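The values are calculated or read from the model by the stated rules, or taken from the named source; none is laboratory data. Quick caveat, the model's predicted, so the values are computed rather than measured. Methodologically, a virtual Cβ is constructed for each residue, glycine included, from the backbone with ideal geometry; neighbour enumeration extends over all protein chains shown. What goes into the accessible areas is simple: the full protein's heavy atoms, side chains included, and nothing from ligands, DNA or RNA. Shrake-Rupley method; radii C 1.70, N 1.55, O 1.52, S 1.80 Å.
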Amino acid sequence: MREHRLKIGVSGIRGVVGEFLTPALAASFARAFGTFVGTGRVVLGRDTRMSGEMLQHAVSCGLLATGCDVVDVGIQPTPTIQIYVGATRARGGISVTASHNPAEYNALKLFNHEGLFFNHYERRELLDIYYESEFRTATNAEIRRIARDHETPMRMHTERVLRHVDAARIKARKFRVALDGVNGAGSELSCRFLQQDLGCTLHAISVDPTKPFPREAEPRPDTLGDLRELVLRERANIGFGQDPDGDRLAVCDETGRVLDNDDVLALVVDAVLTSMPGDVVVNLTTSSVIDDIALRHGRRVYRTPVGEANVVEMMQAAKAVIGGEGSNGGIIFPSVQYCRDSYTGMAFLLDLMERTGKTVSQLAEERLPKYTRLSGKVAFEHGRLGPAMQALEESFPDAQMDRTDGLKLLFEDAWIHVRASNTEPIMRLAVEAKSAERAAALRDQVSGML
Ligand code: MG
């Protein structure tokens with residue numbers, strides 16, 4: 001496990017803070033970033049992790065040393081930072097956040113001048129600068145000051161999202177909404193957005209950015225017990241759960257059932273395709289429910305390897321109107337920004353409830369075909385992956401195969417996806433089938449082989 005406590009790679013740096021991810025390392029990486037994007041404004045923000053302030057200072061230091069103008073936006077959701085970078089024509093942006101990873105981790109998410117994740121070539125080039133330590137060094141006269149702007153990013157984000165829903169009608173309905181903000185970067189914006197902009201009666205827990213995460217950071221059905229209780233206690237119409245940097249969204253219905261994240265994405269895809277013609281892009285591990293919905297609207301679904309940057313690149317190429325990563329709780333709506341955005345998800349779901357007059361459980365029941373989804377993880381030793389994948393291919397000779405990210409085997413009524421995790425030394429296994437028995441049988445068969 002030790003090598004996974006620090007990872008320096010094409011998606012930036014991430015690691016356990018202290019022994020592994022140090023201020024010196026963050027400053028060096030920021031110097032590489034400043035050298036790469038060139039002198040000009042760089043937007044810098046963070047989530048609420050205890051190490052965030054320390055690392056933000058280190059990153060500021062590195063950026064200033066290369067002659068960048070640093071715009072400190074403070075604690076902000078990642079999508080908010082991305083929108084602000086693009087809208088203010090900065091040279092780039094950095095979000096100090098390890099997203100859904102445990103509290104002891106931190107990381108740098110890096111954005112180009114449009115507020116998008118770097119593409120593959122940009123990431124390579126940045127990494128070359130980092131490894132060769134060919135940093136630009138500003139002269140004394142070139143070293144700039146830090147500017148601060150905490151309000152504008154939130155206002156820009158809110159305005160972009162509200163353009164796509166009927167806020168006045170949502171306000172008039174006075175929805176009762178429960179929120180679990182995990183004491184994360186969205187704590188301030190989420191309360192403001194739901195109460196002031198959408199007129200909801202809000203019952204919020206864990207919206208204190210000065211406190212630690214009170215639960216596992218990833219918002220999933222099994223980590224949102226407190227949200228479920230809150231929904232039932234306050235008789236809320238809907239409950240929202242966010243991750244520490246506010247890009248992921250989980251949803252609890254009015255009966256206290258937390259939806260599968262795939263179903264949340266599916267409801268939003270359905271809502272968007274109803275009003276906007278266009279195609280859909282999701283990752284390989286996202287539910288087939290997306291295909292059923294796209295088909296209903298006469299639209300196409302493109303599939304990509306797992307990873308937000310992969311989905312975004314394909315969305316741009318295919319000019320998709322909506323996309324995301326189902327199991328990761330990520331909704332990507334380009335009219336707001338090419339990034340996962342929990343606020344877009346919240347607004348679209350409230351809008352859908354307003355327009356249809358239906359509850360969340362009714363919407364899920366009526367609009368989403370039923371599938372059983374199972375997932376698992378298996379530890380693996382290096383060198384074992386190749387033979388295991390080959391054995392899998394051989395034992396399902398009739399399946400249709402997709403090898404673009406691990407191995408996906410497609411059957412008439414089911415699919416299996418096995419891939420190495422991008423972040424941990426494990427294999428991730430996902431199975432989906434129309435019947436529960438079939439899903440369990442496939443999972444057991446594949447787990448046995450791995
Ligand atoms: Mg996140």
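How many residues are surrounded by fewer than 22 Cβ atoms within 10 Å (Cβ to Cβ), under 17 Å from K319 (Cα atoms) and touching a residue at least 60 places away in the same chain (Cβ under 8 Å) if we restrict to the range 285-309?
2
Could you tell me whether the range 187-196 includes any residue that is open to solvent by less than 10 Å² (accessible area, probe 1.4 Å), in a strand (DSSP E or B) and out of contact with any Cys (no Cβ under 8 Å at 6 or more places or on another chain)?
The answer is no, given that none of the residues of the range 187-196 is open to solvent by less than 10 Å² (accessible area, probe 1.4 Å), in a strand (DSSP E or B) and out of contact with any Cys (no Cβ under 8 Å at 6 or more places or on another chain).
What number of residues within the range 381-409 are part of a helix (DSSP H, G or I) and open to solvent by less than 20 Å² (accessible area, probe 1.4 Å)?
First pass over the range 381-409, keeping only residues part of a helix (DSSP H, G or I): 385-395.
This time we only want the ones that are open to solvent by less than 20 Å² (accessible area, probe 1.4 Å), so: 388, 392.
Within the range 381-409, residues that are part of a helix (DSSP H, G or I) and open to solvent by less than 20 Å² (accessible area, probe 1.4 Å) number 2.
Taking the range 321-332, which residues are at pLDDT 95 or above and open to solvent by 10 Å² or more (accessible area, probe 1.4 Å)?
Scanning the range 321-332 gives a single hit, V321.
Kindly list, by first and then second residue, each pair from a residue in the range 341-369 that is in a helix (DSSP H, G or I) to a residue that is polar (S, T, N, Q), limited to pairs with Cβ atoms under 6 Å and residues at least 6 apart or on different chains.
Listed by first residue and then by second, the contacts come to S342/Q242; S361/T255.
Is it fair to say L265 is crowded, with 23+ Cβ neighbours inside 10 Å and within 16 Å of the ligand (Cβ to nearest atom)?
yes
Could you list, in sequence order, the residues of the range 193-237 that are in contact (Cβ under 8 Å) with a residue 60 or more places away in the chain and hydroxyl-bearing (S, T, Y)?
T210
Against the conditions (1) away from the ligand (no atom under 16 Å from the Cβ); (2) touching a residue at least 24 places away in the same chain (Cβ under 8 Å), where does N106 fall short? Just the number, please.
Checking N106 against (1) away from the ligand (no atom under 16 Å from the Cβ); (2) touching a residue at least 24 places away in the same chain (Cβ under 8 Å), the one that fails is (1).
Could you look through the range 120-165, keep only residues that are β-branched (V, I, T) and out of contact with any Gly (no Cβ under 9 Å at 6 or more places or on another chain), and pick out the one that is surrounded by the fewest Cβ atoms within 10 Å (Cβ to Cβ)?
I146
List the residue pairs whose Cβ atoms are under 9 Å apart, where the first residue sits in the range 238-254 and is open to solvent by 10 Å² or more (accessible area, probe 1.4 Å) and away from the ligand (no atom under 16 Å from the Cβ), the second is assigned to a loop (DSSP other than H, G, I, E, B) and among the charged types (D, E, K, R), and the two are 6 or more positions apart or on different chains.
E254/R235
Could you grab me the full set of residues in the range 350-380 that are within 24 Å of G307 (Cα to Cα) and either of a type in the set (K, R) or open to solvent by 70 Å² or more (accessible area, probe 1.4 Å) (or both)?
R373, S375, K377, A379, listed by residue number.
Confirm whether V336 is touching a His at 6+ places or on another chain (Cβ under 9 Å) and either open to solvent by less than 10 Å² (accessible area, probe 1.4 Å) or modelled with pLDDT of 95 or more (or both).
yes
Being in a loop (DSSP other than H, G, I, E, B), under 23 Å from A217 (Cα atoms) and open to solvent by less than 20 Å² (accessible area, probe 1.4 Å) narrows it down to one residue among A103, A98; which is it?
A98
So is E412 touching a Ser or Thr at 6+ places or on another chain (Cβ under 9 Å), open to solvent by 20 Å² or more (accessible area, probe 1.4 Å) and over 30 Å from K7 (Cα atoms) or not?
Answer is no for this residue.
Out of curiosity, is L63 without any contact (Cβ under 8 Å) to a residue 24 or more places away in the chain and more than 21 Å from S190 (Cβ to Cβ)?
no
Which ones in the range 30-47 are open to solvent by 10 Å² or more (accessible area, probe 1.4 Å) and within 26 Å of N183 (Cα to Cα)?
At the first step, the residues of the range 30-47 found to be open to solvent by 10 Å² or more (accessible area, probe 1.4 Å) are 31, 35-41, 46.
Once the filter is applied, which keeps residues that are open to solvent by 10 Å² or more (accessible area, probe 1.4 Å) and within 26 Å of N183 (Cα to Cα), the range 30-47 yields only R46.
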